[in-house]
Structure formats: structure tokens, C-alpha cells
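For reference, the structure is listed below as C-alpha cells.
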Amino acid sequence: MAALLNPAPGAYLPHRYPFLLLDRVLDQQPGISARALSRPAVSLFPLPQMLLIEMVAQTAGIAAVERQGEGGFLAAVDQARFARHPQPGETLEVSVRVLKSFGRLCLLEGEVTAAEETLLQVTLTLGVGPL
């Protein structure tokens, strides 16, 4: 039997307001991929591009874990390519897929889009499990 998807990002991540940047998990295939939505608060604009990377890292944590609450940490960010800043009111879709796993480390690629326009493409390494 397949596990039921929990749409609350806080079920997968230790982050809470104001650092939890995701609003809803759309899809999660443990160890394979994840997609999430974010509607950043207007008070965050202009949104620093580093927060886009953090959105991808949080979604990567959801993609890489096998069980809710397993935890992890961002180990490295590589090849970040930014196109433009998001605009207030835009809904951002964050998607991540696991490229490969080696021990507790996972290499992932992710992107942030708004209205089907890519804002960020990034490759990152995530550690899964306790520090």
C-alpha cells in the first residue's frame, strides 16, 4: 500500500514560521522527487534570490527522505542559475529530483518556476539523517 501524501511541509521538515518557505507539498516520491508550492509573503519582497535556493533545499529535503521527520542538512550548492526575481503575488512551484545517492548524501537538481517561466535552476547536495 502506498503512503498517503501529507500536503503540510512541516510534516517533513523541522522548519517553522518564518523560515518554512513552502506552503504545500504537491507530490512526493520518497528518494526520487518532490514538488511544492510557495506564495511568499509580500513583506519579503524584493525576495532575495538566496531564498529561492532555500525553497529548493527544503523541497529537496522532502524528496530525499524515506520517512516523515527523518531530517537532513544542506551540504553544498552548485551551478545555481538565476533568470529573474519573483514578483509579489506570484505562486512559485518548486520541483526537485534526486540524481543519485551515496551513503547519507544525495545529489539533487531543482528548479523554481512562476507561470511556467524558470526563475532558478540549481544542483545541490543534501545530507539525510541527524547531524
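The values are calculated or read from the model by the stated rules, or taken from the named source; none is laboratory data. In this text the structure is predicted, and so the values were computed from the model without any measurement. No Cβ is skipped: glycine too gets one built from the backbone with ideal geometry, and neighbour counts run over all protein chains shown. SASA here: full protein model, heavy atoms, side chains in, ligands and nucleic acids out. Shrake-Rupley method; radii C 1.70, N 1.55, O 1.52, S 1.80 Å.
The residues listed here are E54, E70; of these, the one that is acidic (D, E) and either farther than 18 Å from V128 by Cβ or assigned to a loop (DSSP other than H, G, I, E, B) (or both) is E70. Considering the conditions (1) in a strand (DSSP E or B); (2) surrounded by fewer than 17 Cβ atoms within 10 Å (Cβ to Cβ), L124 is excluded by exactly one of them, (2). Exactly one residue out of H15, H85 is open to solvent by 70 Å² or more (accessible area, probe 1.4 Å) and either among the aromatic types (F, W, Y) or out of contact with any Asp or Glu (no Cβ under 7 Å at 6 or more places or on another chain) (or both), and it is H85.
Inside the range 72-112, residues that are farther than 20 Å from P30 by Cα and within 12 Å of the chain's Cα centre (by Cα) make up a count of 1.
Please state which one of L26, L47 is over 13 Å from the mean Cα position of the chain (by Cα) and either at pLDDT below 95 or open to solvent by 40 Å² or more (accessible area, probe 1.4 Å) (or both). Reasoning before the result, please.
On the way: L26 fails: over 13 Å from the mean Cα position of the chain (by Cα).
Residue meeting the stated conditions: L47.
Which is open to solvent by less than 70 Å² (accessible area, probe 1.4 Å) and either assigned to a loop (DSSP other than H, G, I, E, B) or at pLDDT 95 or above (or both), of L5, L20? Show your work before the answer.
On the way: L5 fails: open to solvent by less than 70 Å² (accessible area, probe 1.4 Å).
One residue alone meets the criteria, L20.
A quick yes/no check of all residues on (1) free of Cβ contacts under 8 Å to residues at least 60 places away in the same chain; (2) on the phi > 0 side of the Ramachandran plot:
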| residue | (1), (2) |
| --- | --- |
| A34 | no, no |
| R39 | yes, no |
| F45 | yes, no |
| A60 | no, no |
| Q79 | yes, yes |
| T91 | yes, no |
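Considering each of G71, G129 in turn, give the residue that is closer than 17 Å to I32 by Cα, surrounded by 15 or more Cβ atoms within 10 Å (Cβ to Cβ), small (G, A, S) and in contact with a strand residue (DSSP E or B) (Cβ under 9 Å, 6 or more places away or on another chain). If you could, list the steps in order and put the result at the bottom.
Details: G129 fails: surrounded by 15 or more Cβ atoms within 10 Å (Cβ to Cβ).
Exactly one of G71, G129 is closer than 17 Å to I32 by Cα, surrounded by 15 or more Cβ atoms within 10 Å (Cβ to Cβ), small (G, A, S) and in contact with a strand residue (DSSP E or B) (Cβ under 9 Å, 6 or more places away or on another chain), namely G71.
Would a scan of the range 88-96 turn up a residue that is buried (at least 17 other Cβ atoms within 10 Å of the Cβ) and farther than 15 Å from L22 by Cβ? No: the range 88-96 contains no residue that is buried (at least 17 other Cβ atoms within 10 Å of the Cβ) and farther than 15 Å from L22 by Cβ.
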